[in-house]
1. Quick check on my filter: what residues within the stretch B:40-52 are in contact with a Ser or Thr (Cβ under 7 Å, 6 or more places away or on another chain) and either within 7 Å of DNA strand C (Cβ to nearest atom) or not in a helix (DSSP H, G or I) (or both)?
2. Checking the conditions here, which among B:I47, B:I64, B:I20 is within 16 Å of DNA strand D (Cβ to nearest atom), more than 23 Å from B:L175 (Cβ to Cβ) and assigned by TED's automatic domain parsing to the domain that holds B:V143?
3. Can we say B:I34 is part of a helix (DSSP H, G or I), more than 19 Å from B:M71 (Cα to Cα) and within 14 Å of chain A (Cβ to nearest Cβ)?
4. Looking only at the stretch A:152-171, decide whether some residue is open to solvent by 50 Å² or more (accessible area, probe 1.4 Å) and closer than 23 Å to B:M163 by Cα.
5. Scan the stretch B:149-180 for residues that are hydrophobic (A, V, I, L, M, F, W, C) and either free of Cβ contacts under 8 Å to residues at least 40 places away in the same chain or within 7 Å of another protein chain (Cβ to nearest Cβ) (or both) and jot them down.
6. Kindly indicate which of A:M99, A:M150, A:M173, A:M84 is in contact with a Lys or Arg (Cβ under 8 Å, 6 or more places away or on another chain) and over 25 Å from B:Q113 (Cβ atoms).
7. Which of the numbered conditions does B:V27 fail, given that it passes all the others? Conditions: (1) within 11 Å of DNA strand D (Cβ to nearest atom); (2) in contact with a Phe, Trp or Tyr (Cβ under 9 Å, 6 or more places away or on another chain); (3) within 14 Å of another protein chain (Cβ to nearest Cβ).
8. Residue check, A:E14 against (1) open to solvent by less than 40 Å² (accessible area, probe 1.4 Å); (2) more than 14 Å from chain B (Cβ to nearest Cβ); (3) more than 14 Å from DNA strand C (Cβ to nearest atom), all met but one. Which one?
There are 2 protein chains.
Amino acid sequence: MPPLNEQQLDQNREERREQIKRAALKVFAKRGIIGTKISMIAREAGISQGLTYRYYHSKDELFIDLVKDAMEETAEAFASLENMSGSPVEKIKDLTKKMLDTSNKHSFMLIQQVQTSDEVPNKAKEIVRQYPIPSFIEQLIPVFKKGQAMGEFCTGDPAKLLMLYFSVLSGLMLLPNKDEEGHQVLDVDILMKLIRE
Amino acid sequence: MPPLNEQQLDQNREERREQIKRAALKVFAKRGIIGTKISMIAREAGISQGLTYRYYHSKDELFIDLVKDAMEETAEAFASLENMSGSPVEKIKDLTKKMLDTSNKHSFMLIQQVQTSDEVPNKAKEIVRQYPIPSFIEQLIPVFKKGQAMGEFCTGDPAKLLMLYFSVLSGLMLLPNKDEEGHQVLDVDILMKLIRE
DNA sequence: GTCTATATGCAGATAGAC
DNA sequence: GTCTATCTGCATATAGAC
């Protein structure tokens, strides 16, 4: 009897892991690493509590894995602005919308959590430090300066203004916006008044 | 031998409670109710872990007591705007500054926590619900409308704009502003661009 | 009144059955 | 591979000593 296709088995395993990760991201983002019990993740994923440990050795390991993914996605999102078309204002607006999109939002919330809480594993903190946040914002500075030259953005130190803008954005993500039916509560245009004109 | 002054004893007890409350507010605000261990509060207050229970029967009870205080202070802060002098812009600016002041900040963070987390005791949620947040904001609507008439504030639905403004403020309080030397990181004037002109 | 020592309960992690 | 049952450790809360 020939052995079963090992690739197939590996892929099944990978899919399981993804299933757990999706469930975990959702719960971690909402309740924090301490507030999240493994049983909650298991329930969200529709598996038993014990099975989680066949895929991740510990809650921390799972959390760290998610943080790694989140940072990579964030780095991509910021980098993608380079080769985007549109005016500076439109670029920032698009990035804002992308960040607030529910699929990405949880990742940003996770990163936010790593930065603000000291209950997260040290390794998670290290990963986030590897990509210093200011470096993300630095990528936007040329775009912002161009916008200032065009009269789209207000005058002032670009780094400072961008930092404030993204702080506000981060802060708002932590709050529950009661969009029970998927309609965006937050008006991006109003938000952009912080840096406009 | 005459009995010791009972009032004196009561006052000592009250002072101890205040000492515990001060310590607890600081830790709860930063780490949340779950992330806060009784031992942390005790250490912050400079007393033993067990002694805390002579003054509060449980962690929840202590938390609830703090929420009660916080709501009362907040109600006062919003109500005080009525009989304040100054233009509408100045009133809102003052309120903002008051909220960001470290002594009040922790109270607002606590309330924020009650609203956003579902790990807090139900009784805390009830207390916060007793003073519906929209009612705080409603008190500001006349002020805001006056500001609009004077051309200080932008046009648009006052309730919505104020809600956004205070959401931003709340969100920012949750973030760690690295003001290690007491100098205000946050520029209130920039923040007010959200509702100005 | 305050501290140290102990009991209880819950959640992370493991072991063993199927 | 997955589930249920169990071990272990930590934090809340209590009891007892000073």
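The values are calculated or read from the model by the stated rules, or taken from the named source; none is laboratory data. Small disclaimer: the values here were computed from a predicted structure and weren't measured. With ideal geometry, Cβ positions are generated from the backbone for all residues, glycine too; neighbour counts draw on all protein chains shown. Calculation scope for accessible area: heavy atoms of the full protein, side chains included, ligands and nucleic acids excluded. Shrake-Rupley method; radii C 1.70, N 1.55, O 1.52, S 1.80 Å.
1. Matches in the stretch B:40-52: B:Q49 only.
2. After ruling out the rest, the residue left standing is B:I64.
3. The answer is yes for B:I34.
4. yes
5. B:A149, B:A159, B:L161, B:L162, B:M163, B:L164, B:F166, B:V168, B:L172, B:L174, B:L175
6. A:M84
7. Of everything listed in (1) within 11 Å of DNA strand D (Cβ to nearest atom); (2) in contact with a Phe, Trp or Tyr (Cβ under 9 Å, 6 or more places away or on another chain); (3) within 14 Å of another protein chain (Cβ to nearest Cβ), B:V27 misses just condition (2).
8. Of everything listed in (1) open to solvent by less than 40 Å² (accessible area, probe 1.4 Å); (2) more than 14 Å from chain B (Cβ to nearest Cβ); (3) more than 14 Å from DNA strand C (Cβ to nearest atom), A:E14 misses just condition (1).
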